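J.: Can you read through this structure? Questions will come right after.
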Amino acid sequence: MNMNSKLTVTSSRTRRLLAGAGVCLLLLGPASSVRSGAAPAAPVAALPEGSRPGVAVIEFKDDRLPSELKANKSTVAIVPSLLRPGGHALEVNFDSKESSSGVTISPAQPWDWSAQGDCHLAFDVVNTGNFSVDLFVTINDRSGATVTRRASVPADQKPVNCFFVLKGEELDVETGLADNAPAWPTSAAMLVGRKGAGKKLNIAKIVSVTLRTDVMAHDKRLVFDNFRVLPNPLTDPNFLVGISDEFGQNAKVEFPNKIHSAAELKQRADAELAELAKSHPLADRSKFGGWKNGPRLEATGYFRTAKVNGRWTLVDPEGYLYFALGIANARMANTATVTGVDFREPTVRRVDPEDVTPEDSKGFIQTSDAARQTRFIASELRHKMFKWLPAYDDPLADHYSYERSVFLGAVKHGESFSFYEANVERRYGQTSPGSYLTKWRDVTVDRMLDWGFTCLGNWADPSFYHVDKIPYFANGWIIGNFKTVAAGSWAPMPDPFDPEFVRRAGITTRAIAREVQDSPWCVGVFVDNEKSWGRTGSFESQYAIVISALKLAATDSPTKAEFGRILKAKYGTIESLNQAWQTSIASWDALAKGVTVNARNKTVQADFAELSLTYASEYFRVVRDALREVMPHHLYMGVRMAGWGMTPEVVAAARKYTDVVSYNHYKEGFRSEQWAFLKDVDMPSIIGEFHMGATSDTGLIHPGLVYAADQADRARMFKEFVEAVVDNPYFVGAHWFQYTDSPLTGRSYDGENYNVGFVSNTDVPYPEMVKTAKALNQELYPRAYGNRPAK
């Protein structure tokens, strides 16, 4: 992108709503079906937008299923339409026992929707079940391009008109938001996704539309009707202009918790402070948040793990059983959003090569007056999103920062502003430099104790480390100029056999130790996060690190040199290796220089599994040893593996070297089969991140990674998720991500604009979440441990 160019979203031509020419109908053929669930509700009125002209994708002529429709671990049937008297519709019963459940519609010949120009797929859906549905819609074209977007369908049996933008000018513009608001006025529900490269489809060759759910807590049922492709209405040229008000809220939408003035914000803060002043920790809690009414084990003065009557648990410094339920990311880092301004002064982008904090976790970076003299508008698109930004001589200008590197967005680097931090100053005022931050810290701790949480999760600001009122988890990253190993299409992985990686691990852990100062309030330490270890599902994805490393020269890659040593020790001669692998590698020297192994027999798989385990084990060993040297009293919590980035080998490696194995789990529910491996691992485990979000009553555009219908529904999902974790004997905690909502206009580094906070960006708590947390936490320890005697 030309950083000096003017970016606006305008219509390059007049778009009209045209009746579909050359309509192609997919008629239904005979098929058998099994109908389950309750009888359909009485017919309801069709949505006005459902009657517009366009290209029909499917018409349900009678009660027979078409051969083009394939159920994917679900039950489907043709039922009477709830919208069109005398018509028919598609009912899908989604199975919660499956990781994915749904239906795919594939035409005999690819759909060609190109005649519609800029267009969208629309359909009506009614939820006839008892729980909201986080509905995923995936569309594929013949070239293999895939786009997935989502909508939440409330459990109110009211029809929802959904639309999935297939083509349009708004898809061609990088806005710096995970997803945008609709580009035209509408009462319909736009399916949201993640914008960026690879998100476009060839609408002349669409081969399938899949409607599915992800891991669910309950069986669910939807009735779909009136699938059509429609031309887009005229784009509103100002749909991204002035979307953020002076508080960083959606200026174009009214919602329950919205703040309308600084006086109102202060009034709400004062009312909350008065309530918190009357609060006290729950009666069954020990000094460190453990279960005072339960069995008391040996006290070591620090947190540790134990197994009590077949259940893993943490034990607090006084010996009480302890379950680590808390909120992660209570910090000001990640609260800023890019303003569209940049500076020509290059020193603002200088990075210390010995830094221990990556850009996405970096705190505020101030810009000098000299740098501000070189100010220019790098993205007018971004800059025009804000109705208000403070002048540099405004008292709130202290909340400007600088992003030296942006991962995804309209700019590669530039100025940012934290509305959240500015709102905290508005709430609490400033009696001395930075006093509002001290007040924010103290209020946050008081909230956690009032709400009944037992800890602050990962990425708590170090200012919490010595409050000595609530336990916390410390964290660090190993970054630096060490060698790496490719991990397929994901981010490169560190080479743990590189001495520079070992050195950098030591620098990181010493920095953490200096912050923690051997505090007994520190439960443990997370190092790194969601690394690209590999992914089960295919040989290539599971063993991407091994495949990539074998292609490298041993002289340039310590990991490759170690792999060569292991293979030579095992096979002795290259002939033995070739015989086992069914390859034709010329010599050990040829292997050392780099080879591509295409063989996929059982021996290759076993050896790649061994090499993968060796690689992951060395990573965990290096980090464990570095932590033990400087923090011998604190637990090593691992790397918080994501579901998309873990394999049996990395879990086995983590088991050998961590004290607690950590996983991030962004799903609505828990499938017992998915977590059955915990019995074999038999280690204390923790959920490092989970969340749910909504858009209908928040003013925010994107819900996050699990989509709830509204705040009440979000609170229900939160409760059910935590109860599932508590009921599992291998889990010792769970951390909600995160304390605050993402900025409306996207966090600076990657554009996330999610409703995932317990508090809004005006620092106002969501009452539904707080009420549910209080009730849940009152029963936390009796539910987790009952009256289990010490063993």
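The values are calculated or read from the model by the stated rules, or taken from the named source; none is laboratory data. Since this is a predicted model, take the numbers as computed values, not measurements. Note that each Cβ is placed from the backbone with ideal geometry, even for glycine, and that neighbours are counted across all protein chains shown. Heads up: the accessible areas ignore ligands, DNA and RNA and are worked out on the full protein's heavy atoms, side chains in. Shrake-Rupley method; radii C 1.70, N 1.55, O 1.52, S 1.80 Å.
J.: Among the candidates Glu689, Glu723, which residue alone is in contact with a helix residue (DSSP H, G or I) (Cβ under 9 Å, 6 or more places away or on another chain) and closer than 27 Å to Ala460 by Cβ? Break it down into steps so the answer makes sense when it comes.
T.: Details: Glu689 fails: in contact with a helix residue (DSSP H, G or I) (Cβ under 9 Å, 6 or more places away or on another chain).
On inspection, the qualifying residue turns out to be Glu723.
J.: Looking at region 228-241 only, could you name the residues that are of a type in the set (Val, Ile, Thr) and either free of Cβ contacts under 8 Å to residues at least 24 places away in the same chain or over 19 Å from Phe417 (Cα atoms) (or both)?
T.: Of everything in region 228-241, those that are of a type in the set (Val, Ile, Thr) and either free of Cβ contacts under 8 Å to residues at least 24 places away in the same chain or over 19 Å from Phe417 (Cα atoms) (or both) turn out to be Val229, Thr235.
J.: Of all residues being open to solvent by 30 Å² or more (accessible area, probe 1.4 Å), touching a residue at least 40 places away in the same chain (Cβ under 8 Å) and not in a strand (DSSP E or B) in region 165-180, which is nearest to Leu121 (Cα to Cα)? Just the residue, please.
T.: If we take residues in region 165-180 being open to solvent by 30 Å² or more (accessible area, probe 1.4 Å), touching a residue at least 40 places away in the same chain (Cβ under 8 Å) and not in a strand (DSSP E or B), then Glu169 is nearest to Leu121 (Cα to Cα).
J.: Same structure, new question: Scan Ala422, Ala391, Ala397 and give me the residue that is free of Cβ contacts under 8 Å to residues at least 12 places away in the same chain, in a helix (DSSP H, G or I) and at negative phi.
T.: On the way: Ala422 fails: free of Cβ contacts under 8 Å to residues at least 12 places away in the same chain; Ala391 fails: in a helix (DSSP H, G or I).
The unique qualifying residue is Ala397.
J.: Are any of the residues in region 103-114 open to solvent by 10 Å² or more (accessible area, probe 1.4 Å), under 27 Å from the mean Cα position of the chain (by Cα) and at pLDDT 95 or above?
T.: Yes: one or more hits.
J.: Considering each residue of region 145-164, count those that are in a strand (DSSP E or B) and either of a type in the set (Val, Ile, Thr) or open to solvent by 30 Å² or more (accessible area, probe 1.4 Å) (or both), and give that number.
T.: Restricting attention to region 145-164, the residues satisfying the condition of being in a strand (DSSP E or B) are 146-153, 160-164.
Among the residues that remain, those that are also either of a type in the set (Val, Ile, Thr) or open to solvent by 30 Å² or more (accessible area, probe 1.4 Å) (or both) are: 146-148, 153, 160.
Here the count works out to 5.
J.: Let me ask you something else. Test Ala511 against the criterion of being among the small types (Gly, Ala, Ser), closer than 30 Å to Asn458 by Cβ, at pLDDT 95 or above and surrounded by 21 or more Cβ atoms within 10 Å (Cβ to Cβ), and give yes or no.
T.: It is false that Ala511 is among the small types (Gly, Ala, Ser), closer than 30 Å to Asn458 by Cβ, at pLDDT 95 or above and surrounded by 21 or more Cβ atoms within 10 Å (Cβ to Cβ).
J.: Check region 361-378 and report whether any residue there is of a type in the set (D, E, K, R), crowded, with 18+ Cβ neighbours inside 10 Å and at pLDDT below 95.
T.: For region 361-378, residues of a type in the set (D, E, K, R), crowded, with 18+ Cβ neighbours inside 10 Å and at pLDDT below 95: present.
J.: So which residues in region 676-695 are part of a loop (DSSP other than H, G, I, E, B) and at pLDDT 95 or above, if there are any at all?
T.: Answer for region 676-695, where residues must be part of a loop (DSSP other than H, G, I, E, B) and at pLDDT 95 or above: Asp682, Met683, Pro684, His691, Met692, Ala694, Thr695.
J.: Counting only residues that are under 23 Å from the mean Cα position of the chain (by Cα), open to solvent by 10 Å² or more (accessible area, probe 1.4 Å) and among the aliphatic types (A, V, I, L, M), how many does region 392-415 have?
T.: 2
J.: Of everything in region 303-315, what is surrounded by 21 or more Cβ atoms within 10 Å (Cβ to Cβ) and of a type outside the set (D, E, K, R)? Give them in sequence order.
T.: Phe303, Thr313, Leu314, Val315
J.: Six or more apart or on different chains, Cβ under 8 Å: which pairs go from a residue in region 579-590 that's of a type in the set (Phe, Trp, Tyr) to one that's assigned to a loop (DSSP other than H, G, I, E, B)? Could you list them?
T.: From residues that are of a type in the set (Phe, Trp, Tyr), the pairs are Trp581/Val597; Trp581/Ala599; Trp581/Asn601.
J.: Look at Thr762 and say whether it is crowded, with 20+ Cβ neighbours inside 10 Å, assigned to a loop (DSSP other than H, G, I, E, B), over 21 Å from the mean Cα position of the chain (by Cα) and among the hydroxyl-bearing types (Ser, Thr, Tyr). Talk me through it step by step, then tell me what you get.
T.: Values: crowded, with 20+ Cβ neighbours inside 10 Å: yes; assigned to a loop (DSSP other than H, G, I, E, B): yes; over 21 Å from the mean Cα position of the chain (by Cα): yes; among the hydroxyl-bearing types (Ser, Thr, Tyr): yes.
Yes: the conditions hold for Thr762.
J.: Within region 116-144, which residues are assigned to a strand (DSSP E or B) and polar (S, T, N, Q)?
T.: Hits for region 116-144 are Asn127, Thr138, Asn140.
J.: Which ones in region 115-144 are closer than 17 Å to Val706 by Cβ and open to solvent by 20 Å² or more (accessible area, probe 1.4 Å)?
T.: Selection gives Phe131, Phe136.
J.: Select from region 613-667 the residues that are touching an Asp or Glu at 6+ places or on another chain (Cβ under 7 Å) and among the charged types (D, E, K, R) and list them in ascending order.
T.: Passing the criteria: Arg640, Lys667.
J.: Which of the strands (runs of 3 or more DSSP E) contained wholly in region 297-388 include at least 1 residues that are among the basic types (Lys, Arg)?
T.: In region 297-388, 304-308, 311-315, 375-377 are the strands (runs of 3 or more DSSP E) which contain 1 or more residues that are among the basic types (Lys, Arg).
J.: Sticking with this structure for a sec: Which residue out of Val502, Val523 is open to solvent by less than 30 Å² (accessible area, probe 1.4 Å), among the aliphatic types (A, V, I, L, M) and at pLDDT 95 or above?
T.: Just one listed residue meets the conditions, Val523.
J.: Then there's this: Within region 696-751, restricting attention to residues that are of a type in the set (Lys, Arg) and more than 14 Å from the chain's Cα centre (by Cα), which residue is most open to solvent (accessible area, probe 1.4 Å)?
T.: The extreme case among them is Lys719.
J.: Out of (1) part of a helix (DSSP H, G or I); (2) under 27 Å from the mean Cα position of the chain (by Cα), what's the single condition that is false for Gly480?
T.: (1)
J.: Related question: Return the only residue of Ser208, Ser244, Ser261 being surrounded by 17 or more Cβ atoms within 10 Å (Cβ to Cβ) and either under 25 Å from the mean Cα position of the chain (by Cα) or without any contact (Cβ under 8 Å) to a residue 40 or more places away in the chain (or both).
T.: Details: Ser208 fails: either under 25 Å from the mean Cα position of the chain (by Cα) or without any contact (Cβ under 8 Å) to a residue 40 or more places away in the chain (or both); Ser261 fails: surrounded by 17 or more Cβ atoms within 10 Å (Cβ to Cβ).
The match here is Ser244.
J.: Can you name the residue in region 492-545 that is outside any helix (DSSP H, G or I) and aliphatic (A, V, I, L, M) and is also nearest to the chain's Cα centre (by Cα) among such residues?
T.: The extreme case among them is Val527.
J.: Among (1) touching a residue at least 60 places away in the same chain (Cβ under 8 Å); (2) assigned to a loop (DSSP other than H, G, I, E, B); (3) acidic (Asp, Glu), there is one condition Glu415 misses while meeting the rest; what is its number?
T.: (2)
J.: Looking only at region 709-736, which residues are touching a strand residue (DSSP E or B) at 6+ places or on another chain (Cβ under 6 Å) and part of a loop (DSSP other than H, G, I, E, B)?
T.: Answer for region 709-736, where residues must be touching a strand residue (DSSP E or B) at 6+ places or on another chain (Cβ under 6 Å) and part of a loop (DSSP other than H, G, I, E, B): Ala709, Pro729, Tyr730.
J.: Which pairs turn up if I take residues in region 762-778 that are touching a residue at least 12 places away in the same chain (Cβ under 8 Å) and at positive phi and look for partners that are open to solvent by less than 30 Å² (accessible area, probe 1.4 Å) and assigned to a helix (DSSP H, G or I) with beta carbon separation below 7 Å, at least 6 apart in sequence or on another chain?
T.: Hits for this filter: Asp763/Tyr420; Asp763/Asn423; Asp763/Val424; Asp763/Arg427.
J.: Checking the condition at pLDDT 95 or above, open to solvent by 30 Å² or more (accessible area, probe 1.4 Å) and farther than 25 Å from Lys439 by Cβ, which residue from Lys292, Lys278, Lys266, Lys287 passes?
T.: None of the other options fit; the residue is Lys292.
J.: Could you look through region 416-463, keep only residues that are open to solvent by 10 Å² or more (accessible area, probe 1.4 Å) and among the small types (Gly, Ala, Ser), and pick out the one that is nearest to Pro317 (Cα to Cα)?
T.: If we take residues in region 416-463 being open to solvent by 10 Å² or more (accessible area, probe 1.4 Å) and among the small types (Gly, Ala, Ser), then Ser463 is nearest to Pro317 (Cα to Cα).
J.: Looking at the structure I just gave you, is Phe239 among the aromatic types (Phe, Trp, Tyr), farther than 30 Å from Val722 by Cβ and surrounded by 21 or more Cβ atoms within 10 Å (Cβ to Cβ)?
T.: Here the answer is no, as Phe239 does not meet what is asked.
J.: Restricted to region 316-348, and to residues that are open to solvent by less than 10 Å² (accessible area, probe 1.4 Å) and of a type in the set (Asp, Glu), which residue is farthest from Phe758 (Cα to Cα)?
T.: Applying the filter and picking the extreme gives Asp342.
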